[in-house]
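What follows is a single structure, written as structure tokens, with notes after it.
The values are calculated or read from the model by the stated rules, or taken from the named source; none is laboratory data. Not measured: the values here are computed from a predicted model. Cβ atoms come from the backbone with ideal geometry, glycine included; neighbour counts cover every protein chain shown.
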Amino acid sequence: MGDKGYTNPELIISADSLKNEIDDESLCIVDTRPTHEYLLGHIPGALHLDLFGLSLNNTQKDMLDTFMWMIAYLFQQRGIDSSKTIIWYEDISGTRASRGLWFCEYLGHPNTKLLDGGFKAWVAAGGQVCLEGVEPPEVSEFPINAITSIHLDADVINDLLNNEDFIALDTRTDDEHYGRVARAERPGAIPGSVHIEWLNNLDENGTYKHADELRQMYEAVGVTPEKQVMCY
């Protein structure tokens with residue numbers, strides 16, 4: 001894959017790199033695709049946890065704390081080992097795997113990565129595919145050392161909207177941003193938000209674009225390093 005010029009390259013792992021490390025017992029690999037896709041073939045040793053349906057419509061502190069406790073409990077029940085480096089993947093570099101990585105970051109588990117290009121990249125790299133399900137091992141309780149600074153609730157966001165150094169970045173589809181489709185209580189977007197659909201971060205193969213290309217795309221809408229950026 002080569003160096004893509006990222007500031008934090010440790011957050012992703014290429015399929016070729018994972019192939020070379022697949023027997024490393026310090027890795028915990030998690031497949032976040034739907035169950036039927038996992039059963040049709042997955043990376044050897046990968047646990048299964050589809051995170052797509054897990055969401056919260058009230059992110060104030062008490063509700064969020066309860067939700068994240070549930071996530072940590074679910075991680076333990078599915079055999080996700082907090083003593084290991086946790087690698088998340090789905091079909092491409094998508095939102096299911098990204099959600100798993102964000103949960104780890106919020107819970108205070110820094111040793112986590114996303115498989116760049118997902119299962120498609122793994123197959124394209126000639127990685128072995130397994131059909132047998134993996135029984136979750138018994139693991140210790142997943143610790144919660146919440147990094148609360150990486151989350152903003154709605155009230156805080158509302159107070160920041162008139163701050164010129166704050167940007168609300170809408171990563172949803174065009175139809176959702178412009179109110180043609182409503183997946184929330186009301187159609188539309190946060191006032192003043194900029195819009196870059198998450199798929200625009202990926203190339204035709206479903207892997208992340210080079211940092212230079214991403215930087216140019218974000219700077220064009222005013223997303224720059226000195227700004228506080230809230231993605232939603």
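Here are the numbers for this structure:
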item: Check on SER193, at pLDDT 95 or above, at negative phi and surrounded by 14 or more Cβ atoms within 10 Å (Cβ to Cβ); result: yes
item: Any helices (runs of 4 or more DSSP H) falling wholly within the stretch 75-179 and containing at least 3 residues that are among the aromatic types (Phe, Trp, Tyr); result: 95-107
item: Subset of the stretch 191-205 (residues that are within 14 Å of the chain's Cα centre (by Cα) and outside any helix (DSSP H, G or I)); result: LEU202
item: Filter pass, GLY126 being within 26 Å of ARG33 (Cβ to Cβ) and either among the basic types (Lys, Arg) or at pLDDT below 95 (or both); result: no
item: Residue that is nearest to ASP165 (Cα to Cα), among those in the stretch 196-226 that are surrounded by 14 or more Cβ atoms within 10 Å (Cβ to Cβ) and among the aliphatic types (A, V, I, L, M); result: VAL223
item: Test for GLY45: is it on the phi > 0 side of the Ramachandran plot, out of contact with any Phe, Trp or Tyr (no Cβ under 9 Å at 6 or more places or on another chain), without any contact (Cβ under 8 Å) to a residue 60 or more places away in the chain and of a type in the set (Gly, Ala, Ser); result: no
item: Counted residues, the stretch 121-133 - those being out of contact with any Lys or Arg (no Cβ under 7 Å at 6 or more places or on another chain) and surrounded by fewer than 18 Cβ atoms within 10 Å (Cβ to Cβ); result: 9
item: Members of the stretch 1-33 found to be among the aliphatic types (A, V, I, L, M) and part of a loop (DSSP other than H, G, I, E, B), listed by number; result: MET1, ILE22
item: Positions within the stretch 1-44 being exposed (fewer than 13 other Cβ atoms within 10 Å of the Cβ) and among the hydroxyl-bearing types (Ser, Thr, Tyr), in sequence order; result: THR7, SER26, THR35
item: The stretch 68-85 residues that are over 14 Å from LEU54 (Cβ atoms), paired with ones that are charged (D, E, K, R) and assigned to a loop (DSSP other than H, G, I, E, B) (beta carbon under 6 Å, 6 or more apart); result: GLN76/GLU141
item: From the options LEU56, LEU51, residue that is of a type outside the set (Phe, Trp, Tyr), in contact with a Lys or Arg (Cβ under 6 Å, 6 or more places away or on another chain) and at pLDDT below 95; result: LEU51
